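The values are calculated or read from the model by the stated rules, or taken from the named source; none is laboratory data. Fair warning: this is a prediction, and the values are worked out from it, not measured in the lab. Here Cβ is always computed from backbone atoms with ideal geometry, including for glycine, and neighbour counts include all displayed protein chains.
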Amino acid sequence: MKLVLTQVLSLFLCLSFVTFNSACTKEKAEALKTAAKDFRTQASVAIHKLDKLFIEDVAFASLSNEDSLAKIVDSLKNGPSGRRGIEQIVYESEARALDTSKYSQKLNQIRDTYEEFEGMFDDLPRGHYFAGDAVAKSENLARKLVAQMIFLANYIKTNPFRLNARLQRAVDRRRDALAETDVVKRENKLILLATEIKAIRTDTQAANAAAILECLKGAEIGIRVVHLIQTYKTSSVTDILAIVRDGLGRVNQLTGKNTDALMKRVEEINTTISADADWNAILARVITEMNG
Amino acid sequence: MADNDSETLKFLGYSLGDLQDKYRDMPPHERADLRPKLDEAFDAYQDLRILLLSPGVIITDADLGQMKAIGDEISRAADKQSLISGAIKLVGFARGFIV
């Protein structure tokens, strides 16, 4: 009896050992959990850039103290009298910023989708063996999140943002230069302004390109997440490490590239994922909605 | 339609920029009168920016529901694995006594 029991227990232990040394190791679970976290982090960086771009797109340039005081004096002389008049002057003494919170809320809606996605994998290392089917179900969601990043990159490219405060100051400087009565001084002021105009153009392109870059990094990391999900049940730990290394390599290659090079990579991703029927269905819907 | 939307956005951006410059150049008591018109122009511009952003919200409420369901499924898998892992350890312990 003791012998039979020993044999049964040994058999159970052996089966369990075999079971837990299957394809779905804890290392692969950790790799996928980390990749989902990286995806969320990078998406958040990209969305933050988009938020900042819009704030700068509609920001007011501050006035010099001298100009600000001159305008207040004008209102004290010519504005409505009484308490109401004074309060009005106080309230509007500086150009009040425009409220971009509605736009920020829309971006938050997008940001939340990456946080929810990351949250799915919180317990994956603890349940790596039995979670294979659940992981497989997350593939299409990961694809959609990659498509979101690609869309945002295209959105910035098609509808770039301005550096509004600098444009306002350029308007001021032009007015000042044209009002200059001394011909030589006027010419010098206009030449300096011309240099600033070129700088505004360069910096505007750089600001938009920087945001496109972050969206593209997000897409590259997301593609890595999709590959990890696709191969979760079948690949070895070595395969997983190769996917992770490849993904990191692609992200590093993006740094320092100009907008055209970045958009070329966006097109490459579009072409690659369009060849896949499931990706293509997602992108086709986005393109249809973009084109109205 | 997409090109038209981008052109409309540009046009609204120019109009908004003109109003912003005018508002900034005014003395405070005149800014109060212009502000409602400025806010209206900004709302139109912001709303179009949001509209153009909307196709990018690809994840639906149903997708979010699915994410929660998958997360729960993985948590249940983790509980199951912990249970079995515990049982294996118990068997291993018991085996020591039997042998």
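A few remarks follow.
- Top-ranked residue in region A:72-82 [being outside any helix (DSSP H, G or I) and within 12 Å of residue B:30 (Cα to Cα); ranked as nearest to the other protein chains (Cβ to nearest Cβ)]: A:79
- Of the candidates B:56, B:86, B:92, B:13, the single residue that is touching a Phe, Trp or Tyr at 6+ places or on another chain (Cβ under 7 Å) and at pLDDT below 90 is B:56.
- Scanning region A:170-178 turns up one or more residues that are at the interface with another protein chain (Cβ under 7 Å from one of its Cβ atoms) and touching a helix residue (DSSP H, G or I) at 6+ places or on another chain (Cβ under 7 Å).
- Any hit, region B:50-63, residues being part of a helix (DSSP H, G or I) and in contact (Cβ under 8 Å) with a residue 12 or more places away in the chain: yes
- Within region A:152-163, residues that are within 17 Å of residue B:45 (Cα to Cα) reach partners that are among the β-branched types (Val, Ile, Thr) and surrounded by fewer than 20 Cβ atoms within 10 Å (Cβ to Cβ) with beta carbons closer than 8 Å, at six or more positions or on different chains, in the pairs A:160/A:204; A:161/A:204; A:162/A:204; A:163/A:200; A:163/A:204.
- Check on residue B:16, in contact with a helix residue (DSSP H, G or I) (Cβ under 7 Å, 6 or more places away or on another chain), touching a residue at least 40 places away in the same chain (Cβ under 8 Å) and assigned to a helix (DSSP H, G or I): no
- Comparison of A:155, A:114 shows that the only residue that is under 21 Å from residue A:53 (Cα atoms), surrounded by fewer than 21 Cβ atoms within 10 Å (Cβ to Cβ) and among the aromatic types (Phe, Trp, Tyr) is A:155.
Okay, residues lined up against (1) facing chain B (nearest Cβ under 9 Å); (2) over 36 Å from the mean Cα position of the chain (by Cα); (3) in a helix (DSSP H, G or I):
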| position | (1), (2), (3) |
| --- | --- |
| A:84 | no, yes, yes |
| A:89 | yes, yes, yes |
| A:104 | no, no, yes |
| A:109 | yes, no, yes |
| A:117 | yes, no, yes |
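- The conditions of being under 16 Å from residue B:25 (Cα atoms) and in contact with a helix residue (DSSP H, G or I) (Cβ under 9 Å, 6 or more places away or on another chain) are met by residue A:62.
- For region A:134-147, a residue qualifies if it is free of Cβ contacts under 8 Å to residues at least 60 places away in the same chain and of a type outside the set (D, E, K, R), and the qualifying residues are A:134, A:141.
- Checking each residue in region A:180-231 for being crowded, with 18+ Cβ neighbours inside 10 Å and acidic (Asp, Glu) picks out A:214, A:220.
- Options A:161, A:151: the member that is within 13 Å of chain B (Cβ to nearest Cβ), among the aromatic types (Phe, Trp, Tyr) and part of a helix (DSSP H, G or I): A:151
- Residue that is surrounded by the most Cβ atoms within 10 Å (Cβ to Cβ) [pool: residues in region B:13-64 that are farther than 30 Å from residue A:154 by Cα and at the interface with chain A (Cβ under 7 Å from one of its Cβ atoms)]: B:31
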